[in-house]
1. Among the residues of the stretch 7-43, write down those that are over 30 Å from L103 (Cβ atoms) and in contact (Cβ under 8 Å) with a residue 60 or more places away in the chain.
2. If I go through the stretch 6-57 residue by residue, how many of them are more than 12 Å from the chain's Cα centre (by Cα), under 30 Å from R81 (Cα atoms) and either among the polar types (S, T, N, Q) or surrounded by 11 or more Cβ atoms within 10 Å (Cβ to Cβ) (or both)?
3. Restricting the search to the stretch 64-82, which residues are in contact with a Leu (Cβ under 7 Å, 6 or more places away or on another chain) and open to solvent by 60 Å² or more (accessible area, probe 1.4 Å)?
4. Looking only at the stretch 61-88, which residues are closer than 11 Å to V101 by Cα and among the acidic types (D, E)?
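The values are calculated or read from the model by the stated rules, or taken from the named source; none is laboratory data. Bear in mind that the values here come from a model prediction, so they are computed numbers and not experimental data. All Cβ positions, glycine included, derive from the backbone under ideal geometry; neighbour counts span all protein chains shown. Each accessible area value is taken on the protein alone, full model and side chains, heavy atoms only, with ligands, DNA and RNA left out. Shrake-Rupley method; radii C 1.70, N 1.55, O 1.52, S 1.80 Å.
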Amino acid sequence: MSPKRNLSKVVILKVTGTTSAKTKDVVAVEEPLEIRLAGEFEGKRFDRSVSVTMRTPGDDFELAAGFLFTEGILRSREDVREITYCVGANKEEQHYNVVRVRLRPGVPFDPEKLQRNFYAFSSCGICGKTSLDAV
């Protein structure tokens, strides 16, 4: 299985001058992506949601790693053990909207870096949430 396609075919109404006609067009798809971080801190395992962002599906693993790098959580690609899509506890159908980044053992991690103390506003209210459940 692979992530959903990032394009969708839709029927539109094309207007030219005073005439209109139904035709097909291709549009970009936008969906939320929850980024989770898993690893070990002070001898205890953790797995927590970091952020939700809107994106065009595709290159989700690179997006998650880049986000964690720019937030100062990852210092290099060697900090990452694996990046996978998540499935729920009941193994429900995969929708490819949740990515888990697992840190390698021994990678220093400060959970305070995950604390976000700001207000984020967007037209849809998705960006800035820390989990899809919060949406």
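1. Answer for the stretch 7-43, where residues must be over 30 Å from L103 (Cβ atoms) and in contact (Cβ under 8 Å) with a residue 60 or more places away in the chain: there is none.
2. The qualifying residues number 9.
3. Passing the criteria: only R81.
4. The answer is E62, D79, E82.
Yes or no, residue by residue, for (1) under 15 Å from H95 (Cβ atoms); (2) in contact with a Phe, Trp or Tyr (Cβ under 7 Å, 6 or more places away or on another chain); (3) of a type in the set (V, I, T):
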| position | (1), (2), (3) |
| --- | --- |
| G17 | no, no, no |
| D25 | no, no, no |
| G58 | yes, no, no |
| F61 | no, no, no |
| E78 | no, no, no |
| I83 | no, yes, yes |
